[in-house]
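*Asks:* Here's a structure for you.
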Amino acid sequence: MATEPEAVPTAEEPPRPREARPKKRKKKAAARRQPRTEQEIDTPTRQTLAMMGVLCGLTVVLWVLAHAACNYHPPRETRRPRTVTTQELTRDPKGAAIELVHRWTTGDFKGALEIATGPVVADIERDKAQCEKDAGACEKTKLAAKDALTTGVVLDRDFSTARVRVTTHRIPGGPHHYVAEVERAGSTWKVRSRVRDDGSAAPRAAASEAPAPTGSAAPTGSAAPTGFAAPTGSAAPTPAAAKTGEVAAKGAATPPAAANTGEAAKGAATPPTPALPPGHPAIGPAPKPASSAP
């Protein structure tokens, strides 16, 4: 069976265009409805509120545990204040005055007697006997003065005595002001008297120093020393040696005259005139020596 020959293309055929595909249209999102009430907003959600509550509770629990751990001290490791002795409190007059007034005010008469001396001891003993006589009123006074605060200011002080103005606060009818006179007792200080301060107490004026003398004068009736005494066992100086010493001392003590000093200075400042040789024009020809006769 005869077949027809295939047609041979003479030129490249252009590609056929693809059929246009229909574009997919995006669906528009439906418009969201705006909430009009708080219930519709629902922000924050219940889950968010629950998580925030858990974080707050956990923070409080951790803070309580940390605070308890930092402030907990075992019985053997608890820090207790150091006991300060009376000797340490009375090393200076201000501390002694403050301590006595504070102990006396708060009813610690035994401690006040350790710092008292002189006439103030009788006053403390009198208050102590009165307190023992009326124990109920004394306890009320101590209870009212348990929060007392005492301060002091040194008015004046020297090596062995001092005056201190003491003020007690936080007591009924306070503050109370006193002036305490303190004196040295060995290495510590003790209070000699305590009187009420009406505001007139002031530092004592310092003693004015005497003017320095302009010169020293020999005391009346005393003779000026004439010399050093000869040592024991040495020979006394002869009259000639004594006179020689007096002349030497007098010559050394007598200053030269002012005119002589001026002349000496002038002569030292003016140089000497040099001598002219014989035969100089200013002098003339030298004289001829006389010939001796035969």
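*Asks:* Set the Förster radius R0 to 45 Å, insert the Cβ-Cβ distance between Asp108 and His67 as r into 1/(1 + (r/R0)^6), and round the FRET efficiency to 0.05. Please list the in-between numbers first.
*Replies:* Details: r = 37 Å, r/R0 = 0.82.
Here the calculated transfer efficiency is 0.75.
*Asks:* How far, in nm, would the chain grow between Ser200 and Glu132 when pulled straight, counting 0.36 nm per residue and subtracting the alpha carbon separation? It would help to have the intermediate numbers written out before the result.
*Replies:* Numbers: separation 68, 0.36 × 68 = 24.48 nm, distance 3.46 nm.
Length gained, Ser200 through Glu132: 21.0 nm.
*Asks:* Ok, one more. Let me know the shape class of region 15-153, please: from the alpha-carbon gyration tensor, a ≥ b ≥ c as square roots of the eigenvalues, rounded when a/c is under 1.5, otherwise prolate if a/b is greater than b/c, or oblate. Intermediate results must be reported in sequence, preceding the final value.
*Replies:* Working: a/c = 5.49, a/b = 4.10, b/c = 1.34.
Because a/c hits 1.5 or more and a/b exceeds b/c, region 15-153 counts as prolate.
*Asks:* Further, regarding this structure: Check region 87-196 and count each lysine pair with an alpha-carbon distance under 27 angstrom, considering only pairs eight or more places apart or from different chains.
*Replies:* Counting lysine pairs in region 87-196 gives 19.
*Asks:* In nanometres, what is the gap between the two model label sites at Ser160 and Glu88, each 7 Å from Cα along Cα-to-Cβ?
*Replies:* 3.0 nm
*Asks:* Return P(r) of region 87-196 (all Cα-Cα pairs; 5 Å bins starting at 0; whole %; ordered from short to long distances).
*Replies:* Distribution as computed: 2, 13, 24, 24, 20, 10, 5, 1, 0 percent.
*Asks:* Tell me, what is the FRET efficiency for Ala31 and Cys56 to the nearest 0.05, using R0 = 45 angstrom and their Cβ-Cβ distance as r?
*Replies:* For Ala31 and Cys56, the calculated efficiency is 0.70.
*Asks:* Another question about this same structure. Taking 1 over the mean of 1/r across every pair of different Cα atoms in region 152-201, what Kirkwood radius in Å do you get?
*Replies:* 11.6 Å
*Asks:* Along each of the three principal axes of the Cα atoms of region 72-136, give the extent in whole Å, ordering the values from largest to smallest.
*Replies:* Taking max minus min along each principal axis of the Cα atoms, region 72-136 gives 48, 35, 13 Å.
*Asks:* Take the alpha carbon atoms of region 118-182, find their center, do the same for region 55-114, and report the distance between the two centers in whole angstrom.
*Replies:* So the separation of the two Cα centres works out to 22 Å.
Taken together, the values in this text are just the output of simple stated rules run on the coordinates, not laboratory data. Treat the numbers as computed from the prediction; the structure is a model and nothing was measured. Glycine gets a Cβ as well: all are built from the backbone with ideal geometry, and neighbour counts include every protein chain shown.
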